[in-house]
Amino acid sequence: MTSQALTKQVSAPTTLIGRLLATDHSLAPTVLRLTLALVMFPHGAQKALGWFGGYGWNGTMGFLTGQIGMPSPAAALVILLEFLGPLLLLAGLGTRAIGLGFVGIMLGAITTVHAEHGFFMNWFGAQKGEGYEYHLLVIGAAAALVLTGGGRWSVDGKLAGNRA
């Protein structure tokens with residue numbers, strides 16, 4: 001038997017939903033997905049619930065609509081995505097969409113708040129705000145998930161018919 005005969009040929013998904021759910025079978029996207037979920041959840045919980053020293057829904061809505069100037073529906077979407085997105089990432093459901101949403105949120109955060117403070121986070125309290133290095137890491141991780149999908153053990157993969 002040839003090595004080609006031993007390899008199961010998997011056809012590429014032909015529907016849009018199939019392409020969105022298809023995923024890489026390796027562990028790398030799985031590790032990335034779980035890590036991003038763990039990093040983003042506290043930020044979402046700060047915004048939605050006021051946990052971890054956050055301002056909660058009302059305070060965050062006030063900041064996003066008042067100081068940043070976002071429309072209320074967009075501000076609510078940001079809060080919901082940062083809070084519910086990590087939970088969906090843990091399950092590996094909607095990984096590409098959540099990743100794309102996180103890229104958008106982080107680009108918005110950089111351009112509206114963090115760019116003026118430079119690259120570095122405010123490790124020593126010497127600047128007036130936080131830089132954007134954290135945001136770039138989230139963008140990189142989220143963009144990788146947009147490209148690869150949720151990886152092994154994701155609901156996306158199960159729905160797409162992946163066996164891993």
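The values are calculated or read from the model by the stated rules, or taken from the named source; none is laboratory data. Just so it is clear, the model here is predicted, and its values are computed rather than measured. No Cβ is skipped: glycine too gets one built from the backbone with ideal geometry, and neighbour counts run over all protein chains shown.
Total residues in the range 106-164 satisfying the condition of being closer than 24 Å to Ile68 by Cβ, among the hydrophobic types (A, V, I, L, M, F, W, C) and under 16 Å from the mean Cα position of the chain (by Cα): the figure is 11. In the range 1-43, the qualifying residues are those that are in a helix (DSSP H, G or I) and among the charged types (D, E, K, R), and the one that is modelled with the lowest pLDDT is Arg19. Just to be sure, is Gly54 at pLDDT 95 or above and either over 19 Å from the mean Cα position of the chain (by Cα) or on the phi < 0 side of the Ramachandran plot (or both)? It is true that Gly54 is at pLDDT 95 or above and either over 19 Å from the mean Cα position of the chain (by Cα) or on the phi < 0 side of the Ramachandran plot (or both). As a summary of the residue check, Gly94 satisfies the conditions (1) of a type in the set (Gly, Ala, Ser); (2) surrounded by fewer than 20 Cβ atoms within 10 Å (Cβ to Cβ); (3) within 16 Å of the chain's Cα centre (by Cα) except for the one numbered (2). Scanning the range 142-159 for residues that are over 11 Å from Gly92 (Cβ atoms) and surrounded by fewer than 20 Cβ atoms within 10 Å (Cβ to Cβ) returns Ala143, Ala144, Val146, Leu147.
If you go through the range 116-135 and keep only what is closer than 23 Å to Leu90 by Cβ and surrounded by fewer than 19 Cβ atoms within 10 Å (Cβ to Cβ), you end up with just Tyr134. With over 12 Å from Val138 (Cα atoms), β-branched (Val, Ile, Thr), buried (at least 16 other Cβ atoms within 10 Å of the Cβ) and out of contact with any Phe, Trp or Tyr (no Cβ under 8 Å at 6 or more places or on another chain) as the only criterion, which of Val31, Val113 stands out? Matching residue, one of Val31, Val113: Val113.
Which is in contact with a Leu (Cβ under 6 Å, 6 or more places away or on another chain) and more than 19 Å from Ser154 (Cα to Cα), of Met70, Met106? Result: Met70 is the single residue among Met70, Met106 that is in contact with a Leu (Cβ under 6 Å, 6 or more places away or on another chain) and more than 19 Å from Ser154 (Cα to Cα).
Scanning the range 56-78 for residues that are buried (at least 20 other Cβ atoms within 10 Å of the Cβ) and either closer than 20 Å to Leu137 by Cα or of a type in the set (Val, Ile, Thr) (or both) gives Thr60, Val78.
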